[in-house]
Amino acid sequence: MPVRFDHADHVQTVVAHASAAANSPVAASWRRCLTLHGLSPEEARVPWRLTEGEFRQARSRSSDLIEEARGEIDRLFATVGKAGCCLLLTDENGIALERRGAAGDDRDFRGVGLWSGTVWSEASVGTNGIGTALADERAVLILRDQHFLSQNTRLSCTTAPIRDHTGRIAAAIDISTCRDDANEMTMSILSQAVRDAAARIEAGLFRRAFSAARILLVPVEGRASPALLAVDRDDLVLGATR
């Protein structure tokens, strides 16, 4: 109990400072959770869970995404799965469409709601890797007590959003762990792996959307992956990655 209320007091104190949200993305997320979503850090809540029918509909709407991302998720899990990590692929609403986890860790992850069919938006469970990455439209790393809810301070999460061929946020890919020895350096390495996986999934979605066009690779200074242009037979640009 003391841990829960100590964390809750810390959240309330930080949010009370007018400049905190401007100086810290985490504080900005905490403020959204309190003022926009009406959440309290000390409350006990689990992620919203979809019904079987709702989950099938969500997967059907994202069938191309799931098909494109499945191989990438499997490869990523083969690398980090034995380290006590769980992988989630969500849609743009934070609905967990695909999950990968070792059987020995299932009890812990199911207990905190890291499971298929749950909703990891900020409105559902406050500041977390998935919800905050989708809200901020950027890759994030949320370590333990950076989570909004006190009950989620065991988690460390790194998440990258995935954009569709129009540049809009379509999904997110997340690695989470409950390990006590997960430090910032380790999670930063996993963060790069997540961002690389998201970039490859984005490229696959782009090629799928413009399957009849020629795809040109354009080097971008400071980025490992090139930008993509889709052009027709007359060299008219049909689409471009962000």
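The values are calculated or read from the model by the stated rules, or taken from the named source; none is laboratory data. None of these values were measured; they are calculated from a predicted model. Note: ideal-geometry Cβ built from the backbone for every residue, glycine included; neighbour counts use all protein chains shown.
For the stretch 140-151, state whether one or more residues are among the small types (Gly, Ala, Ser) and at pLDDT 95 or above. Yes; the residues of the stretch 140-151 include at least one that is among the small types (Gly, Ala, Ser) and at pLDDT 95 or above.
Okay, residues lined up against (1) over 22 Å from Arg110 (Cβ atoms); (2) in contact with a helix residue (DSSP H, G or I) (Cβ under 7 Å, 6 or more places away or on another chain):
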residue	(1), (2)
Thr51	no, no
Glu72	yes, yes
Gly81	no, no
Gly84	no, yes
Leu87	no, yes
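Condition check: hydrophobic (A, V, I, L, M, F, W, C) and either under 21 Å from Ala203 (Cα atoms) or surrounded by fewer than 16 Cβ atoms within 10 Å (Cβ to Cβ) (or both). Does Leu87 satisfy that? Considered against the rule, which asks whether it is hydrophobic (A, V, I, L, M, F, W, C) and either under 21 Å from Ala203 (Cα atoms) or surrounded by fewer than 16 Cβ atoms within 10 Å (Cβ to Cβ) (or both), Leu87 comes out as yes. I'd like the residue in the stretch 126-139 that is out of contact with any strand residue (DSSP E or B) (no Cβ under 8 Å at 6 or more places or on another chain) and part of a helix (DSSP H, G or I) and, out of all such residues, is surrounded by the fewest Cβ atoms within 10 Å (Cβ to Cβ). Residue satisfying both the conditions and the ranking: Asp136. Taking every residue in the stretch 188-205 that is at negative phi and crowded, with 20+ Cβ neighbours inside 10 Å and pairing it with any residue that is outside any helix (DSSP H, G or I) and basic (Lys, Arg), at least 6 positions away or on another chain, the pairs with Cβ-Cβ distances below 6 Å are Glu202/Arg163.
Residues in the stretch 211-242 that are surrounded by fewer than 19 Cβ atoms within 10 Å (Cβ to Cβ), in contact (Cβ under 8 Å) with a residue 40 or more places away in the chain and touching a Gly at 6+ places or on another chain (Cβ under 8 Å): Arg242 only. The residue of the stretch 1-13 that is surrounded by the most Cβ atoms within 10 Å (Cβ to Cβ), among those that are modelled with pLDDT of 90 or more and among the hydrophobic types (A, V, I, L, M, F, W, C), is Val11.
For the stretch 92-109, the candidate set comprises residues that are surrounded by 21 or more Cβ atoms within 10 Å (Cβ to Cβ) and farther than 20 Å from Ala78 by Cα; within that set, the residue that is nearest to the chain's Cα centre (by Cα) is Gly94. The residues in the stretch 129-146 that are of a type in the set (S, T, N, Q) and within 20 Å of Ala199 (Cα to Cα) can be counted, and the count is 1.
Could you tell me whether the stretch 171-183 includes any residue that is crowded, with 19+ Cβ neighbours inside 10 Å, of a type in the set (Gly, Ala, Ser), touching a Lys or Arg at 6+ places or on another chain (Cβ under 9 Å) and modelled with pLDDT under 95? Looking through the stretch 171-183, at least one residue is crowded, with 19+ Cβ neighbours inside 10 Å, of a type in the set (Gly, Ala, Ser), touching a Lys or Arg at 6+ places or on another chain (Cβ under 9 Å) and modelled with pLDDT under 95.
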